[in-house]
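The values are calculated or read from the model by the stated rules, or taken from the named source; none is laboratory data. What you see is a predicted model; the values in this text were computed from it and never measured. Positions of Cβ are backbone-derived with ideal geometry, glycine not excepted, and every protein chain shown enters the neighbour counts.
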Amino acid sequence: MTFSLHAATIPPYLQILGSVARLVDKAEAWCAETGTPAEEVITARLIADMLPFTYQVKSTAEHSIGAILAVREGFATPSLAMPPGTFTELRDKVAAAQRDLAALDPTEVDGFVGKPVRFEFKEMRRDFTAESFLTGYALPNFYFHAVTAYDLLRARGVHLGKRDFLGALPATAA
């Protein structure tokens, strides 16, 4: 079986981004049900030195479609842009990532294999291949931020289970 970079990245990104979108919906609904101000959840942190819920959601988009665009350009650096400030803006950020990922040509993504990608952030410089960048850096970061968003909501009392994180499981062969 040949390695497909598209199959290794795009379906998992879309699966978990679907879950992240539903997390945003559940967070907003929970705020309405409990009378909790939206700002309290949007700015929620697990611990003081971690970034808030809004940053975690933003980062799922940046480590998915943002990573693919970085590979296309051959250069990656973390976005320092402010994260969205409302549930609607978070939903829009995730929806845009889903839309852009779904529109990718699998042949283009598979064609990235072996392509050099330079990562730079502050004093750190690292050279990757597209596949090592996506599977060894972007995907782990993507999952980290998705599970941190999930955990922030769980820690606040939003009723979530593992299925809320896993989302729509991939179809199996008949």
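Got at least one residue in the stretch 35-55 being among the aliphatic types (A, V, I, L, M), more than 24 Å from G161 (Cβ to Cβ) and touching a strand residue (DSSP E or B) at 6+ places or on another chain (Cβ under 9 Å)? Within the stretch 35-55 (the criterion being among the aliphatic types (A, V, I, L, M), more than 24 Å from G161 (Cβ to Cβ) and touching a strand residue (DSSP E or B) at 6+ places or on another chain (Cβ under 9 Å)), the answer is no, since none of the residues qualifies. Quick check, is G74 touching a strand residue (DSSP E or B) at 6+ places or on another chain (Cβ under 8 Å), at positive phi and surrounded by fewer than 17 Cβ atoms within 10 Å (Cβ to Cβ)? So G74 passes the test. Report yes if A44 is in contact with a Pro (Cβ under 9 Å, 6 or more places away or on another chain), over 21 Å from F121 (Cα atoms), touching a residue at least 60 places away in the same chain (Cβ under 8 Å) and among the hydrophobic types (A, V, I, L, M, F, W, C), otherwise no. Taking the combined requirement at face value, the residue satisfies it. Scanning the stretch 136-169 for residues that are touching a helix residue (DSSP H, G or I) at 6+ places or on another chain (Cβ under 6 Å) and of a type outside the set (A, V, I, L, M, F, W, C) returns H145, T148, Y150, G167. Applying a threshold of 6 Å to beta carbon distances and a minimum spacing of six or more residues, or different chains, the list of pairs starting in the stretch 144-170 at a residue that is touching a residue at least 12 places away in the same chain (Cβ under 8 Å) and at positive phi and ending at one that is surrounded by 15 or more Cβ atoms within 10 Å (Cβ to Cβ) and of a type in the set (D, E) is empty. Scan the stretch 137-159 residue by residue and report those that are out of contact with any Gly (no Cβ under 9 Å at 6 or more places or on another chain), of a type outside the set (F, W, Y) and buried (at least 19 other Cβ atoms within 10 Å of the Cβ). If the condition is that a residue be out of contact with any Gly (no Cβ under 9 Å at 6 or more places or on another chain), of a type outside the set (F, W, Y) and buried (at least 19 other Cβ atoms within 10 Å of the Cβ), then L139, H145, A146, T148, A149, L152, L153, V158 are the ones that fit.
Of everything in the stretch 125-174, what is of a type in the set (A, V, I, L, M, F, W, C) and touching a Ser or Thr at 6+ places or on another chain (Cβ under 6 Å)? Give them in sequence order. Break it down into steps so the answer makes sense when it comes.
Of the residues in the stretch 125-174, the ones of a type in the set (A, V, I, L, M, F, W, C) are 128, 130, 133-134, 138-139, 142, 144, 146-147, 149, 152-153, 155, 158, 160, 165-166, 168-169, 171, 173-174.
Of everything in the stretch 125-174, those that are of a type in the set (A, V, I, L, M, F, W, C) and touching a Ser or Thr at 6+ places or on another chain (Cβ under 6 Å) turn out to be L134, F142, A146, F165.
Selection of the stretch 78-95 for residues being modelled with pLDDT under 95 and closer than 27 Å to A130 by Cα yields P78, S79, L80, A81, M82, P83.
Residues that are surrounded by fewer than 19 Cβ atoms within 10 Å (Cβ to Cβ) and touching an Asp or Glu at 6+ places or on another chain (Cβ under 9 Å): does the stretch 55-70 have at least one? Full working, then the answer.
Step one: list which residues in the stretch 55-70 are surrounded by fewer than 19 Cβ atoms within 10 Å (Cβ to Cβ), which gives 69.
Subset that is touching an Asp or Glu at 6+ places or on another chain (Cβ under 9 Å): 69.
Yes: the stretch 55-70 contains one or more residues that are surrounded by fewer than 19 Cβ atoms within 10 Å (Cβ to Cβ) and touching an Asp or Glu at 6+ places or on another chain (Cβ under 9 Å).
Within the stretch 109-141, being without any contact (Cβ under 8 Å) to a residue 12 or more places away in the chain and acidic (D, E) holds for E123, D127. Of E28, E33, all but one fail to be of a type in the set (D, E), crowded, with 17+ Cβ neighbours inside 10 Å and at pLDDT 95 or above; the exception is E28.
In the stretch 110-129, what residues are acidic (D, E) and farther than 19 Å from T9 by Cβ? Break it down into steps so the answer makes sense when it comes.
The first filter runs over the stretch 110-129 and keeps only residues acidic (D, E), leaving 110, 120, 123, 127.
Passing the criteria: E120, E123, D127.
Of all residues in the stretch 67-99, those satisfying the criterion of being closer than 19 Å to L14 by Cα, in contact with a helix residue (DSSP H, G or I) (Cβ under 8 Å, 6 or more places away or on another chain) and free of Cβ contacts under 8 Å to residues at least 40 places away in the same chain are K93, A96.
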